1. Limiting things to C-alpha atoms, what are the Rg and the maximum Cα-Cα separation (Dmax) for the chain, in angstroms?
2. Got a sec? Which residues in the stretch 9-44 would a label at GLN229 touch, if it sits 7 Å along Cα→Cβ and we count backbone N under 13 Å?
3. How many nm is it between the label spots at ARG111 and LYS207, if each spot is 7 Å from the Cα in line with the beta carbon?
4. With a 10 Å radius around each residue's Cβ, average the other Cβ atoms per peptide and rank 129-140, 146-157, 186-197, highest first.
5. Filter the GluC sites (Glu not before Pro) in the stretch 1-50 down to the DSSP loop ones having no more than 10 other Cβ atoms within 10 Å, then list what survives.
6. Show the residues, 5+ positions off or on another chain, whose built amide H is closer than 5 Å to the amide H of GLY62.
7. Based on the Cβ-Cβ distance of ASP173 and HIS19, what FRET efficiency does E = 1/(1 + (r/R0)^6) give at R0 = 41 Å, to the nearest 0.05?
8. Which lysines have a Cα less than 22 Å from the Cα of LYS6, not counting those fewer than 8 places away in the same chain?
Amino acid sequence: MLLACKELSLGYDGHEIVHGLNFEIHSGDYLCIVGENGSGKSTLMKTILGLQSPVSGTVVTGDGLRQNEIGYLPQQTLVQRDFPASVWEIVLSGCQNRMGLRPFYGQKEKRLAKEAVEKLGLSPLTKRCYRELSGGQQQRVLLARALCATQKLLLLDEPVAGLDPKVTAEMYDMISNLHRDGVTIIMISHDIDAALRYATHILHVGKTVYYGTRDDYLQSEAGKIFLLQQKGGEAK
């Protein structure tokens, strides 16, 4: 077991939005979190990262995973898109949690950053200013940064939001390649087709909460209703 949520209830300002979540993530899983807008998906991710306290319940890690070893790709904001730093500086900053009390990056951190840059095809861009890149290139940079923080678990919050179809497909392929290389993935997605294509497990949060394998989700009442709603929304 890499990570588990036990009787986890989530909310903010005293308002509970998700109650009694129970699920486990194992090494090699690819979990997609789906559900209606405002159902608590991003809140769950922030709780797993320790950025927000649960209303009740616990998040526990196993298999030697520490909470500060989880890589995180948040939803991009306008401020992030205009960040005045080089690609190399941003990717390398993902190693900060590995440095302890050392004030400077060492050879180990620089090697990890170089490997992440090469893995995501960013080598020609390392000296470029981040704010000058396309949206797809910026997402690759942030994914490389998240990869520097972990070799075990990546949390991705809508990693293809705002990207065109071609770049979206490329991003999904990169994430899938990382999964095949042994990185466990937890991804929030509004793209149910992509979730069902890539995920090994589905967590549905909302009025109905469901956790199980992709195939079992397709046969579940929650899955059938959500798929109908999604297809109906697309038809409109």
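1. Every Cα atom of the chain included, Rg and Dmax give 17.9, 55 Å.
2. Taking a point 7 Å out along Cα→Cβ of GLN229, the residues of the stretch 9-44 whose backbone N falls under 13 Å are 34-41.
3. 5.5 nm
4. Highest-to-lowest ranking by the protection proxy: 146-157, 186-197, 129-140.
5. For GluC sites (Glu not before Pro) across the stretch 1-50 that sit outside H, G, I, E and B with at most 10 neighbouring Cβ atoms in 10 Å, the list is empty.
6. Amide H to amide H, under 5 Å and 5 or more residues apart or across chains, GLY62 pairs with LEU3.
7. 0.70
8. Hits, sequence-local ones excluded: LYS41, LYS46, LYS152, LYS207.
Every number here is computed from the coordinates shown, using simple stated rules; none is lab data. What you are looking at is a predicted structure, and each value in this text was computed from that prediction instead of being measured. Every residue, glycine among them, receives a Cβ derived from its backbone with ideal geometry; neighbour counts consider all protein chains shown.
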